[in-house]
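Let me begin by presenting the structure, written as structure tokens, before commenting on it.
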Amino acid sequence: MPRRHFARVVAGGVIGAGLAGPAAVVAKAAPAGGPRKNTLHHVGGDYHCTMGDHWTSKQNFEYHQRFGVRHLTTNLGGAEAGGRAREKGVGEWDLDAMKRWKDACDRGGMIWEAIRMDAGYIYHGPGAERDRRLAAVVGNVAKAAAVGVKVITMHWTLIPIRRNGRTPGRGGSSYHAFKLEDDWKSLPVGTHGVVAAEDYWERITYFLKNVIPVAAQHDVRMAVHPYDPPGLPRGYQGVENWDGAPASVLESLQRYEAIVDSPYNGIQLCLGTCMEGMRDPRKELLPLVRHFAGKGKIYQVHMRNIRGGLGNFQEVYVDEGEANFIEVVRILRDAGFSWSYCPDHMPQHPDDPKGYQGFAHAFGYIQALIHAANAEVPA
């Protein structure tokens, strides 16, 4: 994006314009007379499990199609962002490459539904470098729209995702785990330095006020993934996380989406991550789902289960753990949810080093949940 044009954006020329957008959509209310079948929600696949040499390879398409998956999410936070991103280091996506990938999806009978963007913007406080990265994001929104992608997700991580152990799982598998360290205050400060909560929220606010109006104009939804895990103590590795203690996961996400209350500002609902920040996931998860489903603010679901909760958990298979996911699917069925449920963070086994077995199991399980939920209600 030309810098002069971006200057107009951050000066407020776009802020507040088109928040509803000419093509804005919200979740459908439950039809009169009770719940009905929802033919729009579906299982999806993403960058956590890719077969072949590229996500658009025939091997990857056919792997997903064998399990009824047609909707894909890719990660454009690394090399796949294209040559200009590598040269400039600001995360600009390569539109020519994106058009080739879209054409490959069309030929292969797949739908490119969503993109995960990199987290480079959040590393910077006010200044020229942050504005350069924000300009790249604004340009990328237009590029996503140009290839028909309707969702961009982001994970605002100033310190890496925290895991510090493994526990044995069923069938000889192993589960990633985290337990809050007794000596967490002695952990080294992260790469991006000390960041106070007010600074973190200032960066988020600046992003949302400048990007969501552009997203509305292009009919592209921006979906935030909670930090993984939520609820870390303030000052953990020098950072007071935006969804850290003392606020709950629900309160943090509510604060986030209220900054710019638009159908284009919502969440990538990672069920496992949300439960990681809850003292009692079995009681706290469903109210969170109902809240955002009712507002039409969920644009993708990461279907991952855990055992445990705040400060002590392990990632398990999708059909075990704290959550009974049929209850989640029922809520989203009735809210008119029309996006993907994607498996996420499968347990590992030496016989399945790339996770193909674990993800295949999850794809089938999610399909069964959708079918079961729809079978309970009339057409």
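The values are calculated or read from the model by the stated rules, or taken from the named source; none is laboratory data. Predicted, not measured: the structure shown is a model, and the values here were computed from it. Backbone-built Cβ (ideal geometry, glycine too); neighbour counts: all protein chains shown.
Here is how the numbers come out for the structure above:
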{"quantity": "Filtered residue count, the stretch 252-281, keeping only those that are closer than 23 Å to residue 123 by Cα and of a type in the set (Asp, Glu)", "calculated": "1"}
{"quantity": "Residues of the stretch 193-215 satisfying the condition of being buried (at least 17 other Cβ atoms within 10 Å of the Cβ) and not in a helix (DSSP H, G or I)", "calculated": "195"}
{"quantity": "Test: residue in the stretch 57-64 that is outside any helix (DSSP H, G or I) and modelled with pLDDT of 95 or more", "calculated": "yes"}
{"quantity": "Pairs with Cβ under 8 Å, 6+ apart, first in the stretch 362-379 and crowded, with 17+ Cβ neighbours inside 10 Å, second part of a helix (DSSP H, G or I) and among the aliphatic types (A, V, I, L, M)", "calculated": "369/326; 369/329; 370/329; 373/326; 373/329"}
{"quantity": "Residue ranges of strands (runs of 3 or more DSSP E) in the stretch 98-187 with at least 1 members more than 20 Å from the chain's Cα centre (by Cα)", "calculated": "165-168, 174-179"}
{"quantity": "The one condition in (1) crowded, with 23+ Cβ neighbours inside 10 Å; (2) in contact with a helix residue (DSSP H, G or I) (Cβ under 9 Å, 6 or more places away or on another chain) that residue 268 fails to fulfil", "calculated": "(2)"}
{"quantity": "Residue list for the stretch 229-258, restricted to those being of a type in the set (A, V, I, L, M, F, W, C), touching a His at 6+ places or on another chain (Cβ under 9 Å) and over 11 Å from residue 278 (Cα atoms)", "calculated": "239, 253"}
{"quantity": "Residue match in the stretch 1-18 (condition: surrounded by 13 or more Cβ atoms within 10 Å (Cβ to Cβ) and modelled with pLDDT of 95 or more)", "calculated": "no"}
{"quantity": "Extreme residue, surrounded by the fewest Cβ atoms within 10 Å (Cβ to Cβ), among residues of the stretch 272-316 that are aromatic (Phe, Trp, Tyr) and either without any contact (Cβ under 8 Å) to a residue 60 or more places away in the chain or over 29 Å from residue 40 (Cα atoms) (or both)", "calculated": "292"}
{"quantity": "Selected residue (only one of 224, 220, 147 is closer than 19 Å to residue 120 by Cα and of a type in the set (Val, Ile, Thr))", "calculated": "224"}
